[in-house]
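Visitor: This is the structure I have questions about; it appears just below.
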Amino acid sequence: MRRLILILCFLSTLASAQTDTINKMIESKINHNLQEPLHSILFYFENENYRYNEGFGLVDKNKDTVSKHSAYKIASSTKMFVSTIILQLEEEGKLNITDNAFQYLQDIEYLKFKDFHIFNNKHFAKHITIKQLLSHRSGLADIFTDRKEAFFLEITQHPNTQYSPKKIIELYYKYNLNKEPHFKPNQGWHYSDINYVLLGLIIEKLDNTTLAQSIRNRIIAPLNMKDTYFEFYEKPTHKKEVIHQYISNINFSKINTSFDWAGGGLVSTNLDMATFIQGLFHFKLINQKSLQKIIDVKFTKENESRYGLGVYEFVVNKDTFYGHFGFYGTFIGYSPKTKTTLSYSISQATPYFNTYKFVNEIIKSAK
């Protein structure tokens, strides 16, 4: 008995030392006075032997202190929720991911879907499959990256505009992106939020409700994710102040980001995100066959991680994680081999340090 007590005391001391080391590493990165300020970091790590969940910094400069329970925009990690629902719909027999998207979208008048993908003066929209949308292999251009300057000008000049799927599509046509796809369907890989706008519309049609309600009914409520909601499309489920997240020196928390919609519109916490990713990999949302489809990653392009159906493959300290990055410096992922969950928010899209190296250092200290 005495020996067992000594072992438990040793393990407790070791865990305390690990936590102190990680705390110092994270706190050292926060700097409120840079041109590209980094006001807060929220970090969650969990494996079979150790769990770390902390938050450091401020909601924004001269604002309240954050905590491990603070909420943040998860941005493109929302795509994992959308892909999960698409696979649920396939399990229910309402679609097949090899179906052409056209059959589900042709009746939406403002889409003008026949003209949605024109490559070398030829129309290819009818050939785009749901799977190609999920895996970013449709060839469709992206509002945010392919018209970066025009889009940033648009949202900074009109920061309070409330977007809808229709308004997002109107921007797509305004920028003539339907005539500038990157390749024929399935002939390459190009990351585009427009893929997920179309998937969101398919979900709304087949579920006969809003995307926000579908995510709530199918994922948030079943997993009891009390601090997660679809920002600008439903009322917040809590009174927590969402941390301010930046792109360089632009505070995107002062901009209506409803344009993210199906590509990145959720607000959550690290604990809720851990609940989601663990629920996904423990088959609480989809079955094993569907999960295998999601994590069947393939090569993308140089300097880009492999991608499956709404998930990246991400190697951290030799552990392979499946998950997704968010534009404002966020990530959620799970390593099936080591049963490790990783979730974080850096609160800055362009931090002054290498995020990948920083995360690697923390994981090494956590093991």
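Visitor: In nm, what is the difference between 0.36 nm times the number of residues separating Lys367 and Lys339 and their Cα-Cα distance? Please list the in-between numbers first.
Guide: Details: separation 28, 0.36 × 28 = 10.08 nm, distance 1.25 nm.
Length gained, Lys367 through Lys339: 8.8 nm.
Visitor: Take every Cα pair under 8 Å in the chain that's 6+ residues apart, average their separations, divide by the length, and report that relative contact order as a whole percent. Before the final figure, lay out each step's value.
Guide: On the way: 698 pairs, mean separation 88.5, N = 367.
Worked out over the chain, it gives 24 percent.
Visitor: Within the range 18-125, what whole-number % of the accessible surface is contributed by carbon and sulfur, with the 1.4 Å probe and all protein chains included in the calculation? The partial results should precede the final answer.
Guide: Details: 1930 of 4910 Å².
Taking all protein chains in place, the range 18-125 shows 39 percent carbon and sulfur surface.
Visitor: I'd like to check one number: the per residue accessible area of the range 182-231, probe 1.4 Å, reported in Å² as a whole number.
Guide: On the way: 1810 Å² over 50 residues.
Per-residue accessible area for the range 182-231 comes out at 36 Å².
Visitor: Per residue, what accessible area does the range 16-120 have, given a 1.4 Å probe and all protein chains present, in Å²?
Guide: Numbers: 4610 Å² over 105 residues.
Here the residues of the range 16-120 average 44 Å² of exposed surface.
Visitor: Specify the longest stretch of the chain that does not include any exposed loop site, a site being one of the GluC sites (Glu not before Pro) with a non-H, G, I, E, B DSSP assignment and at most 13 other Cβ atoms within 10 Å.
Guide: Values: sites that count: Glu48, Glu92, Glu302, Glu304.
Counting at most 13 other Cβ atoms within 10 Å as exposed, the longest clean stretch of the chain is 93-301.
Visitor: Please list, or write none, the aspartates and glutamates whose alpha carbon is within less than 20 Å of the alpha carbon of Lys29, excluding same-chain residues fewer than 8 places away.
Guide: Reachable aspartates and glutamates: Asp20, Glu54, Asp60, Asp64, Glu361.
Visitor: Starting from the 7 Å offset along Cα-to-Cβ, what nm value, one decimal, do you get for the label separation of Asp296 and Thr19?
Guide: Simple spin-label model gives 4.3 nm for this pair.
Visitor: May I ask you to give the percent of accessible area on the range 160-234 that is carbon plus sulfur, with a probe radius of 1.4 Å? Before the final figure, lay out the partial values.
Guide: Numbers: 1390 of 3120 Å².
So the carbon and sulfur contribution to the accessible surface is 45 percent.
Visitor: Out of Pro165, Leu153, Met225, whose Cα points farthest toward the positive end of the dipole of the chain (charges: +1 Lys, Arg; -1 Asp, Glu; placed on Cβ)?
Guide: The one lying farthest along the dipole's positive direction is Met225.
Visitor: Now a separate question. List the aspartates and glutamates whose Cα lies under 20 Å from the Cα of Lys205, skipping any in the same chain that are fewer than 8 positions away.
Guide: Those aspartates and glutamates meeting the cut-off are Glu90, Glu91, Glu92, Asp99, Asp107, Glu109, Glu170, Asp193, Glu234, Asp260.
Visitor: Treating cross-link reach as a plain straight distance, find the aspartates and glutamates whose alpha-carbon is under 12 Å from the alpha-carbon of Lys239, omitting any fewer than eight places away in the same chain.
Guide: The reachable aspartates and glutamates, counting only those whose Cα sits under 12 Å from Lys239, are Asp227.
Visitor: Now for a separate question. Could you tell me which of rounded, prolate or oblate describes the chain, using a ≥ b ≥ c as the square roots of the eigenvalues of the alpha-carbon gyration tensor, with rounded for a/c under 1.5 and, failing that, prolate when a/b is larger than b/c and oblate otherwise? Could you put the intermediate results ahead of the total?
Guide: On the way: a/c = 1.92, a/b = 1.50, b/c = 1.28.
Prolate, because a/c is 1.5 or more and a/b exceeds b/c.
Visitor: If the chain between Ala221 and Thr209 were fully stretched, how many nm would it gain, using 0.36 nm times the residue separation less the Cα-Cα distance?
Guide: Values: separation 12, 0.36 × 12 = 4.32 nm, distance 1.54 nm.
Gain on extension, Ala221 to Thr209, equals 2.8 nm.
Visitor: Rounded, prolate or oblate: pick one for the range 50-141, where a ≥ b ≥ c are the square roots of the eigenvalues of its C-alpha gyration tensor, a/c under 1.5 means rounded, and failing that, prolate if a/b is larger than b/c, else oblate. Mind dumping the intermediate values first?
Guide: Details: a/c = 3.35, a/b = 2.12, b/c = 1.58.
Verdict is prolate for the range 50-141.
Visitor: Stretch Lys112-Lys235 to full length: gain in nm at 0.36 nm per residue minus the Cα-Cα span?
Guide: Numbers: separation 123, 0.36 × 123 = 44.28 nm, distance 3.12 nm.
Value of the extension gain: 41.2 nm.
Visitor: Please find the FRET efficiency linking Thr156 to Glu48, where r is the Cβ-Cβ separation and R0 is fixed at 35 Å, and quote it to the nearest 0.05. It would help to have the intermediate numbers written out before the result.
Guide: Values: r = 46 Å, r/R0 = 1.32.
Using R0 = 35 Å, I get an efficiency of 0.15.
Visitor: Right, something else. Calculate the spin-label point distance for Lys68 paired with Lys174, positioning each point 7 Å from the Cα along the beta-carbon direction, and give it in nanometres.
Guide: So the label points at Lys174 and Lys68 sit 4.4 nm apart.
Visitor: Might you work out the accessible area of Asp64 for me, using a 1.4 Å probe with all protein chains in place, and round it to the nearest 10 Å²?
Guide: 100
Visitor: Please give the Cα centre distance for the range 267-285 versus the range 154-189, rounded to the nearest Å.
Guide: Here the answer is 30 Å between Cα centres.
Visitor: I would also like to ask the following. What FRET efficiency do you get for Phe353 and Lys148 if R0 is 22 Å and r is their Cβ-Cβ distance, rounded to the nearest 0.05?
Guide: Numbers: r = 23 Å, r/R0 = 1.06.
Approximately 0.40, to the nearest 0.05.
Visitor: Given a Förster distance of 41 Å, report the FRET efficiency between Asn360 and Asn120 from their Cβ-Cβ distance, rounded to the nearest 0.05. Let's see the in-between values first.
Guide: Values: r = 43 Å, r/R0 = 1.05.
The calculated FRET efficiency here is 0.45.
Visitor: Ok, one more. Indicate the gyration tensor shape class of the range 216-313 (rounded, prolate or oblate), computed on the Cα atoms with a ≥ b ≥ c the square roots of the eigenvalues: a/c under 1.5 is rounded; otherwise a/b larger than b/c is prolate and the rest oblate.
Guide: Working: a/c = 2.37, a/b = 1.24, b/c = 1.92.
Oblate shape, in that a/c is at least 1.5 and b/c is the bigger or equal ratio.
The values are calculated or read from the model by the stated rules, or taken from the named source; none is laboratory data. Fair warning: this is a prediction, and the values are worked out from it, not measured in the lab. Reconstructed Cβ throughout: ideal geometry from the backbone, glycine too, with neighbour counts over all protein chains shown. These area figures cover heavy atoms from the full protein model, side chains too; ligands, DNA and RNA do not enter into them. Shrake-Rupley method; radii C 1.70, N 1.55, O 1.52, S 1.80 Å.
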